[in-house]
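Chemist: Can you keep this structure in mind? I'll have questions shortly.
The values are calculated or read from the model by the stated rules, or taken from the named source; none is laboratory data. If you're wondering where the values come from, they're calculated on a predicted model, not measured in any experiment. Counting neighbours? That spans all protein chains shown, and the Cβs are built from the backbone with ideal geometry, glycine included. Remember, those area values only see protein heavy atoms, side chains included, never the ligands or the DNA or RNA. Shrake-Rupley method; radii C 1.70, N 1.55, O 1.52, S 1.80 Å.
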Amino acid sequence: MKLASFENAAGRQTGVVTGDTITPTGVAGTMIDVIANWEALKRDVVRNTTNGVAVPLSSVQLLAPVLRPGKVFAIGLNYADHIAESKMATPEHQVWFTKAVTSINGPYAPILIAKTGPFVDYEIELVAIIGKGGKHISRERAHEHVFGYCVGNDVTERLWQHSTAQWSLGKSFDTHAPIGPWITTTDELPDPHVLGLRCFVNGDKRQESNTRHLVFDVWAQIEHLSQAMTLEPGDVIFTGTPAGIGATMEPRQFLQPGDVLRSEIDGLGVLEATLVAEV
């Protein structure tokens, strides 16, 4: 199932995407409410969307599937080719940072180049959405705690990122965490480690890899994070980016106003956004 958050004349709703149409789920609350109560709501969602009226996707505005997650975490240096281009050693331990929840952005919404942070770069990533919460989750049970997956881009302001040893500010500018266009549930995608992913700037392919090349796979990531904190429904996990970022190109290529950033992952959909200067 592909579950989306969207807005139209009737307000903000959740819906099920089929082809180029979307049908409202007919259940109250946000996507986090749907995820948290999925076992109780799934039958109603299936019934409502089977009997409901589908409308064209083009007639609604797709929003970030999880509009206000409780936590947004991202792992750094998690593809060997990206580690090599960054001229860093393969980490012995997982390297994590947070992105502010206010950086979450819709799949087609503009991405800001901030007045105070013009060195904006791209990082295509598979995003995992937590379903069943928990702490001290074992690797063997980690898959049971994932609700689904979507496309993400860990947009980064490089000057702020590298001004200090802590990356979170450079990773947390407004609009710098586009996700979507919907959540593909795990019953449709039981293995997230077989997915091709690509990133384009103005049609020029900058990144291409496959999630089988993750240094720490999704199950290891959930196991590790949950040793420190309780993971909750709707939490967002960015799982790492491959080689090809603009900061390592010669000369360096940062995003400019008017650039079109396209991020795509096999079976999960496409994000596409125009870069705009903050005013």
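Chemist: Output the residues belonging to segment 175-194 that are open to solvent by 10 Å² or more (accessible area, probe 1.4 Å) and at positive phi.
Modeler: T175, the sole residue that qualifies.
Chemist: For the list (1) open to solvent by 10 Å² or more (accessible area, probe 1.4 Å); (2) within 18 Å of I75 (Cα to Cα); (3) at pLDDT 95 or above, I need the number of the one condition that L197 fails.
Modeler: With respect to (1) open to solvent by 10 Å² or more (accessible area, probe 1.4 Å); (2) within 18 Å of I75 (Cα to Cα); (3) at pLDDT 95 or above, L197 is out only on (1).
Chemist: For segment 223-268: of the residues being open to solvent by 40 Å² or more (accessible area, probe 1.4 Å) and in a helix (DSSP H, G or I), which is nearest to V194 (Cα to Cα)?
Modeler: E223
Chemist: Which ones in segment 1-55 are within 21 Å of G269 (Cβ to Cβ) and touching an Asp or Glu at 6+ places or on another chain (Cβ under 9 Å)?
Modeler: M1, K2, Q13, T14, T25, I32
Chemist: Counting just the residues of segment 76-103 that are open to solvent by less than 20 Å² (accessible area, probe 1.4 Å) and assigned to a strand (DSSP E or B), which one comes out farthest from L197 (Cα to Cα)?
Modeler: Looking at residues that are open to solvent by less than 20 Å² (accessible area, probe 1.4 Å) and assigned to a strand (DSSP E or B), I get F97.
Chemist: Looking at segment 1-44, which of the residues that are in a helix (DSSP H, G or I) and more than 15 Å from T184 (Cα to Cα) is most open to solvent (accessible area, probe 1.4 Å)?
Modeler: Checking each candidate, the answer is R43.
Chemist: Which pairs do you get when a residue that is over 19 Å from V270 (Cα atoms), found in segment 121-150, comes within reach of a residue that is part of a strand (DSSP E or B) and small (G, A, S), reach meaning Cβ atoms under 6 angstrom, with the pair 6+ apart or on two chains?
Modeler: Pairs found: H145/G134; V146/A128.
Chemist: Oh, and also: (1) out of contact with any Phe, Trp or Tyr (no Cβ under 8 Å at 6 or more places or on another chain); (2) among the basic types (K, R); (3) closer than 14 Å to V60 by Cβ: which one isn't true of R43, the others all being true?
Modeler: Condition (3) is where R43 drops out.
Chemist: Identify, please: which residue in segment 104-125 is closer than 17 Å to I237 by Cα and of a type in the set (D, E, K, R) and is, among those, surrounded by the most Cβ atoms within 10 Å (Cβ to Cβ)?
Modeler: The selected residue is E125.
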